[in-house]
Amino acid sequence: MPSFRFICLLILGFSSGLPLALTGSTLQAWLAVENVDIKTIGLYAVVGFPYTYKFLWSPFLDYLKPGFFDQRRGWIALMQLACAALIATMAFVDVHSAWTVAAVAVAIAFCSSTQDMAIDAYRTDLLPAQERGLGAAYYVTGYRVAMLVSGGLALILAGEVLGWAGTYLLMAALIAACAVITAFSPSADTPEDELRRESKRQLFGIVKESARNFLSKEAAIWILLLIVLYKVGDAFAGSLTTAFLLKGLGFTLTEVGAVNKTVSLIATLMGAFLGGALMTRMGLYGSLMLFGALQAISNLSFWLLSVMEPDIWAMGGAVFVENLCGGMGTAAFVGLLTSLCSKEFSATQYALLSSLAAMGRVYLAAPAGFVVDAYGWSNFFIFSTFAALPGLVALYLLRSSIQKLAR
């Protein structure tokens, strides 16, 4: 039976994942059903920009203390209630009023991304080194389930049962309920932690001290390079997986939606829990190396698909293997980011590190389409396997520094 704090992390993961689709794919579906102009729908993609630039206001989460609970839980509960209110507001907005919809969606994204930073900091502060992998597994599970609820179940409820307004009100109630769990979740702060924060509660001082604190770690600059490179091979292949299944192999939208989405969710959750469990025995460095190698090798399952006749069972098997290994790698990677953060600055440091990791995945994987166009799908997946090697080499060279993080 999992401990109460792991159950809390599961609920917090759910709270973190729920708003994302409500300003993304689910909102787009609502607009499409209401016959909003397709050009206008396309422009709504930019409402998610707070998720990319959240590190810019991350120091405020270390600087300001809400008037209730402790530092981390106070921010989490505040953002959960704000998200609930804004999502409920969306239920009453005229979807043909573009600027109003955009304003509410941006506000939801802002509060949601701020909640994410507070939860990341809370998880970092709460768990000892040996439990961080398993904690990440519970968090990822809640996150993925929430995305399925707000991105899949929400469409069914809107179309068959509640309508759009009722569905958004239900989603608002779910995230408000998560705030109740936050209120009863264990505190991550000790009196000593609070005293340290009080002594450093100067905004620009926090930015300066958090940077100095991180750079004081052994091989800090090289670890930043590892963060950029570790998931590149996995992200490089994953960036075009759906396009490959549709355009490269000719599967239908229904086949890809039914098999790819369902199997990938199950496999990712299994991978996250398996990775978290193995991390408690193998340690941080061993897990990063093994799971990173498996991530790279799993890309070859799509290479195998590219050289054989299209088969839906083979497609399901490839998707399962790739997402299982990717889920294990994610559990270890979250453990690495968590281990790099200090309690006094966990919100600022985790936001910066996760943003750096996202930038690496986005910009280094961006040329993927050009590689496919020039060399074909088979060579693309072989290349994606080799794209993971620099991250593994960097990890090996930094093994001493990584091993010290888990002590």
I'd like to know if region 184-192 contains one or more residues that are of a type in the set (S, T, N, Q) and at pLDDT below 70. yes
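Determine whether N379 is at pLDDT 80 or above, among the polar types (S, T, N, Q) and under 18 Å from the mean Cα position of the chain (by Cα). Write out each step before concluding.
Values: at pLDDT 80 or above: yes; among the polar types (S, T, N, Q): yes; under 18 Å from the mean Cα position of the chain (by Cα): no.
No: the conditions fail for N379.
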Within region 363-373, of all residues that are assigned to a helix (DSSP H, G or I) and open to solvent by less than 70 Å² (accessible area, probe 1.4 Å), the one modelled with the lowest pLDDT is A365
Unmet requirement for V180, which otherwise passes all of (1) modelled with pLDDT under 90; (2) surrounded by fewer than 22 Cβ atoms within 10 Å (Cβ to Cβ): (1)
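Output yes when any residue across region 114-126 is assigned to a helix (DSSP H, G or I) and open to solvent by 20 Å² or more (accessible area, probe 1.4 Å), and no when none is.
Our first condition is that a residue be assigned to a helix (DSSP H, G or I); within region 114-126, this holds for 114-126.
Retained after the next criterion (residues that are open to solvent by 20 Å² or more (accessible area, probe 1.4 Å)): 126.
Checked against the condition, which is being assigned to a helix (DSSP H, G or I) and open to solvent by 20 Å² or more (accessible area, probe 1.4 Å), region 114-126 yields at least one hit.
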Among residues belonging to region 382-407 that are more than 23 Å from S298 (Cα to Cα) and open to solvent by less than 80 Å² (accessible area, probe 1.4 Å), point out the one that is modelled with the lowest pLDDT. A406
Odd one out for G67 among (1) over 28 Å from Q349 (Cα atoms); (2) not in a helix (DSSP H, G or I): (1)
Got a sec? Which helices (runs of 4 or more DSSP H) wholly within region 256-362 have at least 3 residues that are under 22 Å from L398 (Cα atoms) and modelled with pLDDT of 85 or more? 262-298, 312-339
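Right, V228: at pLDDT below 70, assigned to a helix (DSSP H, G or I), at negative phi and not small (G, A, S) or not?
Values: at pLDDT below 70: no; assigned to a helix (DSSP H, G or I): yes; at negative phi: yes; not small (G, A, S): yes.
Here the answer is no, as V228 does not meet what is asked.
Pick from G133, G151, G159, G142: which is open to solvent by less than 10 Å² (accessible area, probe 1.4 Å) and at pLDDT below 85?
Working: G151 fails: open to solvent by less than 10 Å² (accessible area, probe 1.4 Å); G159 fails: open to solvent by less than 10 Å² (accessible area, probe 1.4 Å); G142 fails: at pLDDT below 85.
Answer to the selection: G133.
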Could you list, in sequence order, the residues of region 74-98 that are within 19 Å of W164 (Cβ to Cβ) and in a helix (DSSP H, G or I)? C83, A84, A85, L86, I87, A88, T89, M90, A98
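The values are calculated or read from the model by the stated rules, or taken from the named source; none is laboratory data. Keep in mind that this is a model prediction, so the values were computed, not measured. Quick reminder, even Gly has a Cβ in these numbers, built from the backbone with ideal geometry, and neighbours come from all protein chains shown. Only protein heavy atoms, including side chains, enter the accessible area calculation; ligands, DNA and RNA are left aside. Shrake-Rupley method; radii C 1.70, N 1.55, O 1.52, S 1.80 Å.
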